[in-house]
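Undergrad: My questions all concern the structure below.
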Amino acid sequence: MWDGVTLQQLLLITDGCSNAGTDPVYVAQTGRSKGVTTSVIGILDDGALGEQGRREAENIAEAGGGMCRIIRIADLSRTMQMVTQQTMQLTLQQVVNKELRNLVGQEANALPPETRTKVAKFVETVTEEADVQIGLVVDVSASMTTKMTSVREAVRDLELGLAARTGSHRLIVITYPGLHGEDAVVHRLEGAQVADAIGAMRAAGNTPTGPALETAIRALLESRDHRLATREDRADDGGEGLMKHYVG
Amino acid sequence: MSVSKRLQVLVPEFRPGTVLPGKWRGHSYRIMRLVGRGANGTVYQVLRDRDVVAIKIGENAAAIALEYERMRELTASLGTAGIIPELYDLDDVEHGGEVYPMLAMEFIKGVSPEEFIDIRGREWIPLCLTKLLRRLETLHAKGYAFCDLKSANLLFDPDTAEPRLIDFGGLTPIGQAVREFTELYDRAWWGRGTRKADSHYDMFACALLGLQLLTPISPTDLERLRTRRPADRNAFLSRRCVSEIKDGQLQTILNKALSGQYREPAEFRMELAALWVNDREENRGNMGGPLKMTSGSVGVRKRARRKWDMTDWGLLVAVAVFVVTMGTLLWFGSL
Ligand SMILES: Nc1ncnc2c1ncn2[C@@H]1O[C@H](COP(=O)(O)OP(=O)(O)OP(=O)(O)O)[C@@H](O)[C@H]1O
């Protein structure tokens, strides 16, 4: 049952609170029932997030079966990497827990620690080997403007991390709101270029987080249907020929 | 009701004196003090029954269990040879009706690499790196890379210069993706290779640590680089290696390691060791034979340019008062 596992997750990156369209918490919940986990990174700098935004972020993550981290922009790269990784583990752990409940009537955390380590190791191996599809949903409303170069480099960095895994990966970037009044834009870039999708910014506008998540879920489910090989896309970025010393 | 809540319990901060009973192993842990916080948990110095140990309490039971398991497996194949903190228990502790996952390990005393170099002097950098590399090579031989090598995950014994690695949460089987890293020490971030765990990944981090000890990259530069492309960071590092020179020989070696010119860490280590020996030859007489110290003997050479502090001035005043008093007494006596 673990051969060729594909994990699908959304990672929402925002510094504010939604104010248009469907309730994002509801969208995250529906996504979850379709097998898409949603995690959230809330960015603190410039204080647009507020108590309300923080609560919304936590609720989206909880409904989406993922995790929530509220951080400063300087920690974005690290956090994105960690959240992606741990969300995969969390999803797998939930599947394992369900199995365990059926088999022994207990979850992993209720097992004695020695047994728990076996489960944890197993989850770790599958995390490394599973195929993963990630939709990065990036808030590009006005307050994010100053943070976009950081986000762009964090996305590039995430791609580097994913490329090092054994399993295949596919990273899709969805920015919202769109430049021409649409709720969200799905960028069709691949591999190392995916980060360069981030740059089209809008000076002002709503924050339609719910509709953006809907768009992202649709994009992920579509790509589940016709899966693309991504291993070939692993181009290096500016290694300037040093790469050869490290690979192999 | 959500599963995510159950898997990720928020851990409160425990005050000194708090007693945390373990659920499975029959030990209790009395909090002495908070030692540090990291991404995976909070570390406390505690009393486990009568012994002083360190415990790491985390939100994520699986992460703690995995860190324990990795350390346990390594200990089984390496012994406790001072590379891995000694492991005691993997347990859950109970407090206020909640259960928190934790692991108990040896409490490691020591000073940070920066403090160590501050006490001993820059000429000790090659020796520190040499000793560190030797430990990393042992891990590599067992099929693991340490990966999250950085100043915060290292403590040095101030007397013997022995490095101790802490935080094995980043330990990764060679060939797999690096799970935990810090940008500053990450070769992929610098545009100088992949983020796959291998011996060269550790070697890069080790060389960067050397560079940080010699001429630290300023926080403002780091902040600026965060928004740049890996190729720009790569160029920055190349420029820096030639522009800010404090110790030409050492820097040349570090530079070679940073640009992947050594076939293996041992080669890097050997060149560092040669530097150390040469340094000693040149300074024979006034360096007090640092090689002796490598074999573990205590030979602290306080830095010559130590500044005068309050104690020193206090002593001086005390001596002056004493001399004046004695003088006065003698004078009275002679009357
Ligand atoms: N065995 C130990 N003995 C003494 N101090 C320790 C020990 N383990 C950890 N510490 C201290 O606690 C701090 C945090 O621990 P650690 O780095 O293990 O946490 P982490 O969550 O894995 O952190 P990171 O964010 O660095 O990955 C360390 O910087 C170190 O100073």
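Undergrad: Going by Cα centres, segment A:105-150 and segment B:8-53 are how many Å apart?
TA: After rounding, the separation between the Cα centres reads 26 Å.
Undergrad: Shifting gears a bit: With a cut-off of at most 10 other beta carbons within 10 Å, and DSSP calling the residue loop, which trypsin sites (Lys or Arg not before Pro) in segment A:94-169 qualify? Please list them.
TA: Of the trypsin sites (Lys or Arg not before Pro), not one in the loops of segment A:94-169 has a Cβ with at most 10 other Cβ atoms within 10 Å.
Undergrad: With n ≥ 4 as the cut-off for DSSP H runs, can you work out [θ] at 222 nm for the protein assembly as shown, using -39500 (n - 2.57) per run divided by the number of residues, rounded to the nearest 500?
TA: About -14000 deg cm²/dmol.
Undergrad: Now for a separate question. Using the count of nearby Cβ atoms within 10 Å as a rough guide to exposure, how do B:Tyr88, B:Tyr144 rank from fewest to most?
TA: Fewest-to-most Cβ neighbours within 10 Å comes out as B:Tyr88, B:Tyr144.
Undergrad: Under the Karplus relation 6.51 cos²θ - 1.76 cosθ + 1.60, θ = phi - 60°, what is the ordered set of whole-Hz ³J(HN,Hα) values for segment B:198-205, x standing for Gly and Pro?
TA: 7, 5, 5, 4, 5, 4, 4, 4
Undergrad: Using the Karplus curve 6.51 cos²θ - 1.76 cosθ + 1.60 with θ = phi - 60°, work out ³J(HN,Hα) for each residue of segment A:48-55 in order, rounded to whole Hz, and write x for Gly and Pro.
TA: 7, 5, x, 5, 5, x, 4, 5
Undergrad: For A:Gly65, which sequence-distant residues (separation of 5 or more, or a different chain) have an amide H within less than 5 Å of its own amide H, given hydrogens modelled in the peptide plane?
TA: A:Thr38
Undergrad: Okay, next question. Across the residues of B:178-190, average count of Cβ atoms on other protein chains within 10 Å?
TA: Mean shielding by partner chains, rounded to a whole number: 5.
Undergrad: Also, I was wondering about something else. Determine, for B:His95, A:His187, A:His180, the number of other Cβ atoms within 10 Å of each Cβ, and report the residues in order from fewest to most.
TA: A:His180, B:His95, A:His187
Undergrad: While we're here: Would you mind giving the mean number of other chain beta-carbons within 10 Å of the Cβ of each residue in A:27-39, as a whole number?
TA: Rounded to a whole number, the mean comes out at 0.
Undergrad: Ranked by Cβ crowding within 10 angstrom, fewest neighbours first, how are B:Asp312, B:Asp92 ordered?
TA: The fewest-first ordering by Cβ neighbours comes to B:Asp312, B:Asp92.
Undergrad: Per-residue HN-Hα couplings for segment A:164-179, Karplus 6.51 cos²θ - 1.76 cosθ + 1.60 at θ = phi - 60°, whole Hz, x for Gly and Pro?
TA: 7, 6, 6, x, 7, 8, 9, 10, 10, 9, 10, 9, 8, x, x, 5
Undergrad: Let me ask something else. Within 10 Å of each Cβ in peptide B:80-91, how many partner chain Cβ atoms are there on average? Round it to a whole number, please.
TA: 1
Undergrad: Restricting to the protein assembly as shown, compute how many DSSP beta bridges are antiparallel as a %, nearest 5.
TA: If we restrict to bridges inside the protein assembly as shown, about 60 percent are antiparallel.
Undergrad: To continue, here is another question. Among B:Ala141, B:Phe14, B:His200, flag the residue with its Cα farthest along the positive direction of the charge dipole of chain B, charges on Cβ as +1 for Lys/Arg and -1 for Asp/Glu.
TA: About the Cα centre, the residue reaching furthest to the positive side is B:His200.
Undergrad: Check A:Thr175: other-chain or 5+ apart residues with amide H under 5 Å from its amide H, H built from backbone geometry?
TA: Hits under the 5 Å cutoff: A:Val138, A:Val185, A:His187.
Undergrad: Name the long-range amide H neighbours of A:Gly205: under 5 Å, sequence gap of 5 or more, or other chain; modelled H, no Pro or chain starts.
TA: A:Ala142
FYI, it's all coordinate maths here, none of it is from the lab. On a predicted model such as this, the values are computed, not experimentally measured, just so you know. Every residue, glycine among them, receives a Cβ derived from its backbone with ideal geometry; neighbour counts consider all protein chains shown.
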